[in-house]
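Only one structure is covered here, and it is reproduced in the block below.
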Amino acid sequence: MALPLTYNFRNVLVRWRATLATVVGIGLVVAVYVLLQSLAVGLEKSAGNTGDPRNLLIVRKGSTAESTSMVSLPQLQIIRYWSQIERDAGGAPLISADLISLISQPRIDGRGEANVSVRGISPQGLALRPQVRLVAGRWFTPGKREVVVSRKLARRFASFQIGDTFRTGGHALSVVGAFDGGNSAFDSELWMDADEARSLFDRQEFSSLLVRAASPEAGREIIARIETDKRLTLLAAPEVKYYSDQTATALPIKFLGDLLATAMSVGAVFAAMNTMYASVGSRTREIGTLRVLGFRRRTILAGFVVEGALLAAIGGVLGCLLAMPLHGVSTGTMSLNSFSETVFEFRITPWLAAKGMIFAVIVGVAGSLLPAIRAARLPVITALKSV
């Protein structure tokens, strides 16, 4: 004969003072776990949102990021007029030779400096990135030492507002506009003219080439040609896939989230165990009565485990609710690929919330198992004599 679930619900409600600490403790553990994991999800989504499925990104073989890649002018000239590359209305090939460089800039809150990615783009670069849109000011004019800054990056660094001027490498750059990268990796960059960037940073080569394939079949042909041409020590990949693979920064955050959750869960397990032991001690006669009424040991054990899981589930819901206000809030960290500031958002997905709930229930079951075993093993006579 099984105990009705209403019995467990009533016990949780009746002893609300004793169980409140356990619920809050588990809720805080779940909130920390969900928030740390949401950072990793935000990084992955930022990388996954980057790029156009029609584009191919071309970098040097063996490079781990655009900032460590080099594409020479002769290599650009070889690829520029391939028939597989789409043309614009004027007949110009849709290809952008980009340069990525890092500059150090002070944070807006005064807490030191950090590296920022500067992307020099060719005239076709804007057309190849339709997800990036200007939200204030204007686009830069080549030859005038002008830059356009990501709106999210401008919130984190000094002198990145429209009209500001900052210095790098002994040169002054003027901010003339702000863009929105559509929650992509471009939100972590500031843009300027590619040739001007090469002159400013004294670079002969470009970092990468971005091309628009005329068709999916043409894209596969471009990849094959680059792979087989001995003059080109380059690698071509779909732009979306390339950025999706650039998620190494998310791995340490995931590991930290799991590590902290494991450490904190030990305390939460003991809190749940303490609550359940206290519950067993206060309900000794009740447990004896259940045994006299015909409930088996395993039924009583299951009932106490269900109560622990129920308490933990309530704590899990509380933890998810505590984490939700940070959903969509912008933050940043150092990228392990480019060693520059990466801007992204907390992303609490339904699956992540479900993982938090599962984690909470596991903690609750683990914390209630030993007290449940003790309750199930109580002798009937001893339990009924309890005062």
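What the table shows:
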quantity: The range 166-197, residues that are surrounded by fewer than 19 Cβ atoms within 10 Å (Cβ to Cβ) and over 32 Å from the mean Cα position of the chain (by Cα); calculated: GLY169, GLY170, HIS171, ALA172, ASP195
quantity: Filter result for ILE287 (in the same structural domain as LEU28 (by TED's automatic domain parsing), more than 30 Å from SER208 (Cα to Cα), at pLDDT below 70 and assigned to a helix (DSSP H, G or I)); calculated: yes
quantity: Qualifying positions in the range 328-362 - assigned to a loop (DSSP other than H, G, I, E, B) and at pLDDT below 85; calculated: GLY328, VAL329, SER335, LEU336, ASN337, SER338, PHE339, SER340, PHE346
quantity: Any chance GLY319 is assigned to a loop (DSSP other than H, G, I, E, B), modelled with pLDDT of 70 or more and within 29 Å of the chain's Cα centre (by Cα); calculated: no
quantity: Tally of residues being assigned to a loop (DSSP other than H, G, I, E, B) and in contact (Cβ under 8 Å) with a residue 60 or more places away in the chain across the range 95-126; calculated: 1
quantity: Some residue of the range 35-58 being within 30 Å of GLY170 (Cα to Cα), touching a residue at least 60 places away in the same chain (Cβ under 8 Å) and in a strand (DSSP E or B); calculated: no
quantity: Subset of the range 1-34 that is touching a Phe, Trp or Tyr at 6+ places or on another chain (Cβ under 7 Å) and not β-branched (Val, Ile, Thr) - its residue that is modelled with the highest pLDDT; calculated: TYR33
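The values are calculated or read from the model by the stated rules, or taken from the named source; none is laboratory data. The model shown is predicted, which means the values in this text are computed figures rather than measured ones. Cβ: placed from backbone, ideal geometry, glycine included. Neighbour counts: every protein chain shown.
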